[in-house]
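In what follows, a single structure is set out as structure tokens and then discussed.
The values are calculated or read from the model by the stated rules, or taken from the named source; none is laboratory data. Since the model is a prediction, treat every value here as computed from it, not as a measurement. So basically every Cβ, Gly included, is an ideal-geometry build from the backbone, and we count neighbours across all protein chains shown. Heavy atoms of the whole protein, side chains included, go into the accessibility calculation; ligands, DNA and RNA do not. Shrake-Rupley method; radii C 1.70, N 1.55, O 1.52, S 1.80 Å.
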Amino acid sequence: MQLDKMVVFYKAIGDPTRLRIVSLLKNGPLHGQAIAHKLGLRAPTITHHLKKLKDTGMLYSRREKNTVYFYLDEKKLETMATAILRLGADEMKKQDFFMNDSEQMKILRNYIRKDGTLIQLPSQLKKKLVILSYYVQGFETGKVYKESEINSYVKQFFDDYATLRREWIMHQFMYRENNLYELNPEEMWPLVVKR
């Protein structure tokens, strides 16, 4: 999860009214007026808080005739709530994969041809991270990419674009939502290879 999305999540969940709304929705979907009644607040106040929670992705809504029901996406909530713990784990992982520049260069020479194409993706995790870090730096920070753009970029140096996309996501080099991709900040990467 990207750092800015984590900040938005923790700001949203840091409000007592929003925590109470999440608690209510754990028991099942409710419409806005029911939430307002249970919390003893006015509907416009609840609407404001529901929008903040929806912006994080932990809530979604469905319309049934004239009534909009709000649902808690518990899986997404759990992922977002534990993201801060994974950041700490990623820092530990970085220590496990520390390599000096000459070790990284040796791996790059062994797996990348002179024309820049990838011979194969290494199976050893330490070497794989070097390759993933090297190629992911071809993307711009802050830019959102369509899946087809990711595929086109990877095809320039490797045929199996689906594997590379998946590996970048799994190792937190990139973030994906609704088939849109964005680089995570380097602080979240398990390894940064200087190009």
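Highest average first, the peptides 71-78, 52-59 ordered by how many other beta carbon atoms sit within 10 Å of their residues are 52-59, 71-78.
Computed from label points 7 Å out along Cα-Cβ, the spacing between residue 78 and residue 33 is 3.5 nm. Our helix-only sum for the chain, with -39,500 (n - 2.57) per DSSP H run of n ≥ 4 divided by its residues, gives a mean residue ellipticity at 222 nm of -17000 deg cm²/dmol.
The accessible surface of the chain, taken with every protein chain in place and a 1.4 Å probe, is 50 percent carbon and sulfur.
Accessible area per residue for the chain is 59 Å², calculated with a 1.4 Å probe on protein heavy atoms, without ligands, DNA or RNA.
In the P(r) worked out for the chain, what percent of Cα pairs fall beyond 24 Å? Beyond 24 Å sits 51 percent of the P(r) for the chain. Within the shell defined by Cβ-Cβ distances under 14 Å, the residues around residue 148 carry a net charge of +2, with Lys and Arg each +1 and Asp and Glu each -1.
When you count, for each residue, the other Cβ atoms within 10 Å and take the mean per peptide, how do 30-37, 14-21 rank with the highest first? Each step should come with its number before you reach the end.
Numbers: 30-37: 17.1, 14-21: 14.9.
Highest mean packing first, the order is 30-37, 14-21.
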